[in-house]
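**Q** After the structure tokens below, expect a handful of questions from me.
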Amino acid sequence: MITQTHTPGPWSLLTARTLVNVKGAKGEQICQVPKNSADARLIAAAPELLEAAEKLEQWLGPIAKVFWAEDDAETEHLQALDALRGAIAKARGE
């Protein structure tokens with residue numbers, strides 16, 4: 001498992017007058033975004049999304065080698081798996 005370098009989740013939303021504060025599990029400030037921003041919900045879900053993506057990649061990666069030809073990069077399945085791996089790498093800063 002990869003060493004976690006981000007603020008642990010779950011993250012939560014605290015709505016103020018004109019801003020939404022995204023808070024970490026211990027109440028630490030993650031960021032502020034304008035009120036009514038869909039970005040705040042997406043940001044708050046980031047730790048859970050990363051964890052789910054990592055679990056899916058761990059499960060799907062080995063299956064892909066069995067069922068899909070690695071050299072057939074044109075299949076939608078492998079493109080989706082590559083996109084998943086890319087998103088995980090981006091979230092990890094790789």
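Every read-out reported here was derived from the displayed coordinates using simple, explicitly stated rules and does not represent laboratory data. Nothing here was measured: the structure is a model prediction, and the numbers come from that model. A quick note on method: Cβ atoms are made from the backbone with ideal geometry, for glycine too, and the neighbour counts reach across all protein chains shown.
**Q** Can you tell me the dipole magnitude for the chain around its Cα centre, using point charges on the Cβ only (Lys, Arg +1; Asp, Glu -1), in Debye to the nearest 20?
**A** It works out to roughly 820 debye.
**Q** Expressed in nm to one decimal, what extension gain is obtained for the pair SER37 and LEU14 from 0.36 nm per residue of sequence separation less their Cα-Cα distance?
**A** The span from SER37 to LEU14 would gain 7.0 nm if fully extended.
**Q** Calculated from the structure, percent of Cα pairs over 22 Å apart equals which of [x] 50; [y] 28; [z] 43?
**A** [z]
**Q** Within the chain, how many Lys pairs that are eight or more residues apart, or on different chains, come under 30 Å at the alpha-carbon?
**A** Eligible lysine pairs with Cα atoms under 30 Å apart amount to 10.
**Q** At R0 = 25 Å, how high is the FRET efficiency between ALA45 and THR75 if r is their beta carbon distance? Nearest 0.05 is fine.
**A** Taking R0 as 25 Å, the efficiency between ALA45 and THR75 is 0.30.
**Q** Out of SER37, PRO47, VAL66, whose Cα points farthest toward the positive end of the dipole of the chain (charges: +1 Lys, Arg; -1 Asp, Glu; placed on Cβ)?
**A** Checked the options; the winner is SER37.
**Q** Applying a 10 Å radius around every beta-carbon, put 39-49, 15-25 in order of their mean neighbour count, most first.
**A** 39-49, 15-25
**Q** Given the DSSP H assignment, sum -39500 (n - 2.57) over each helix run of at least 4 residues in the chain and divide by its residue total; what's the result at 222 nm in deg cm²/dmol, nearest 500?
**A** -17500 deg cm²/dmol, from helical runs alone.
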